[in-house]
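The values are calculated or read from the model by the stated rules, or taken from the named source; none is laboratory data. Model, not experiment: these values are computed from the prediction. With ideal geometry, Cβ positions are generated from the backbone for all residues, glycine too; neighbour counts draw on all protein chains shown.
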Amino acid sequence: MAVEIPPIVKPSRLRSRGGLLGECLAEFLGTFVLISFGCGVVAMAVAALPGSGRAATPITIFLAAGDWLLITWGWALAVMLGVYVAGGVSGAHLNPAVTLAMAIRRGFPWPKVLPYWFSQVVGAFTGAALVYLVYHSAIHAYDSAAPGPKVNGHTNATFSIFATFPAPYFHGGVWGPLIDQIVGTAFLLMLIAAVIDLRNQAVKANLGPLIVGFVVAAIGMSYGANAGYAINPARDFGPRLFTFAEGWDGLAFPGSVAGSFSAYWWIPIVGPLIGGAIGILIYDLFIGDVLLVRAELAEPPEPGRSTPVRTSDEE
C-alpha cells in the first residue's frame, strides 16, 4: 500500500544527497546490511551455536554439510537484503568488483568508482563491528575453549567469521586461491548481467535481488570451500581491517597462519576485481552481442531457431 512518507530532514537540506553523496550513503548502508547478516550467520555457525550448547561440543563446527548450507543460504539472504535496501538509489553494487565491471561495460561513470569503493569498504567495516558487538561474548568463549595456535588469544576459526582464508590443500600456494576467486567472481558478474539485462529473460516483479541471492548461494555451494568465496573485495577487506584493529593481528594482515598460508590479504581483492571484469566481458561476448544483433534485425528469430531463409518469390 502506497503511503506518503515525510522526510526526516527538511527537503532543502536533502539536496546534497540527491546525487553522488546519496548514492554513497546507499552503498554504505546496503553493504552494512550485507555484512551484518553475512558475517552474522558465520558467527552463529562458528561461535554462537557451539557456545550456547546447540552443538556437540563448545568448539564443534562444520560437523556436517548442513553447517555449510546454513552459511551459504545466510549469505544469499544477506545479499538479497542489501540489494533491496540500496537498489533504488545506487543500483546496489555493494561490491567493488561489480562497480568496476559496470564501469568497464555498462557506462557507469568512472569518477564514481572510488567513492563507491570507499563507501562499500566503510559499510563492510561497520557491519563487522556490529557483528562483533553482538557476538563478542560467544567469540571469546570459543577462543578460550579452542586449542592453539592463537594470536593474542584469537583463533583462525573466529577470524573466519569476518574474513576468508584458503583451504589447507593449497599448501600455502597463491595460484589456486587466486584462480578460485577469479572464477567465482566471473560467474557472479556473468549471472548478474544476465539477470538485469532487459534484452534477455529479465527478472520481473522486482525479484532481481532474490535471484542474485540465489546466484551467491550457488557459488558458495559449488565453489565455496576452496577459499571462502569472498567474491567481493569490500566484503573481505572491510572486516579484515576490523579484525586487525581488534587484535587478530597477523591472521588479518598480512593474512598468515604458520605452515598453512602467508600474505593472503590481497588475493580476495585482486582476484574478484579481475574475475568481475572477465565475467561481464564473457557475458557480452557470448550473449550481449547476440542480443544486440537480434535487436537490430526487423524480425529476430525465436530462441533456438535460425534466421528464416527467404525464397526468390518472397523477395
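For segment 237-260: of the residues being hydroxyl-bearing (S, T, Y) and part of a loop (DSSP other than H, G, I, E, B), which is nearest to the chain's Cα centre (by Cα)?
Within segment 237-260, the match that is nearest to the chain's Cα centre (by Cα) is S256.
Within segment 48-78, the set of residues being assigned to a helix (DSSP H, G or I), over 15 Å from S137 (Cα atoms) and free of Cβ contacts under 8 Å to residues at least 24 places away in the same chain comprises A65, G66, D67.
Which one of these is touching a Ser or Thr at 6+ places or on another chain (Cβ under 8 Å), aliphatic (A, V, I, L, M) and surrounded by 18 or more Cβ atoms within 10 Å (Cβ to Cβ): L251, L178, L189?
Details: L178 fails: touching a Ser or Thr at 6+ places or on another chain (Cβ under 8 Å); L189 fails: touching a Ser or Thr at 6+ places or on another chain (Cβ under 8 Å).
Being touching a Ser or Thr at 6+ places or on another chain (Cβ under 8 Å), aliphatic (A, V, I, L, M) and surrounded by 18 or more Cβ atoms within 10 Å (Cβ to Cβ) holds for just one of L251, L178, L189, which is L251.
Can you pull out every residue in segment 145-175 that is in contact with a Phe, Trp or Tyr (Cβ under 9 Å, 6 or more places away or on another chain), surrounded by fewer than 22 Cβ atoms within 10 Å (Cβ to Cβ) and within 19 Å of W266 (Cα to Cα)? Within segment 145-175, N156, P168, F170, H171, G172, G173, V174 qualify.
Does A45 satisfy being in a loop (DSSP other than H, G, I, E, B), without any contact (Cβ under 8 Å) to a residue 40 or more places away in the chain, over 27 Å from R199 (Cα atoms) and hydrophobic (A, V, I, L, M, F, W, C)?
Working: in a loop (DSSP other than H, G, I, E, B): no; without any contact (Cβ under 8 Å) to a residue 40 or more places away in the chain: yes; over 27 Å from R199 (Cα atoms): yes; hydrophobic (A, V, I, L, M, F, W, C): yes.
Spelling it out, it is not the case that A45 is in a loop (DSSP other than H, G, I, E, B), without any contact (Cβ under 8 Å) to a residue 40 or more places away in the chain, over 27 Å from R199 (Cα atoms) and hydrophobic (A, V, I, L, M, F, W, C).
A search for C-beta distances below 6 Å between a residue of segment 285-301 that is surrounded by 10 or more Cβ atoms within 10 Å (Cβ to Cβ) and any residue that is modelled with pLDDT of 85 or more and not in a loop (DSSP other than H, G, I, E, B), counting only pairs 6+ apart in sequence or on different chains, returns P300/R294. Taken over segment 86-120, the residue count meeting the criterion of being farther than 18 Å from V195 by Cα, without any contact (Cβ under 8 Å) to a residue 60 or more places away in the chain and assigned to a helix (DSSP H, G or I) is 4.
Pairing each residue of segment 250-270 that is within 14 Å of G176 (Cβ to Cβ) and at pLDDT below 95 with any residue that is aromatic (F, W, Y) and not in a strand (DSSP E or B), provided the two are 6+ apart or on different chains, yields C-beta distances under 8 Å for S260/F165; F261/F165; F261/F170. Filtering I274, I231, I269 for residues that are in a helix (DSSP H, G or I) and under 18 Å from I161 (Cα atoms) leaves a single hit, I269.
Taking segment 156-171, which residues are in a helix (DSSP H, G or I), touching a residue at least 40 places away in the same chain (Cβ under 8 Å) and not hydrophobic (A, V, I, L, M, F, W, C)? Listed by number, the residues that qualify are N156, T158, P168.
In the set A277, A263, A234, only one residue is over 20 Å from the mean Cα position of the chain (by Cα) and either farther than 26 Å from G153 by Cβ or surrounded by fewer than 18 Cβ atoms within 10 Å (Cβ to Cβ) (or both); that residue is A263. What are the residues in segment 193-219 that are more than 18 Å from the chain's Cα centre (by Cα), without any contact (Cβ under 8 Å) to a residue 60 or more places away in the chain and surrounded by 15 or more Cβ atoms within 10 Å (Cβ to Cβ), if any? Listed by number, the list holds a single entry, V203.
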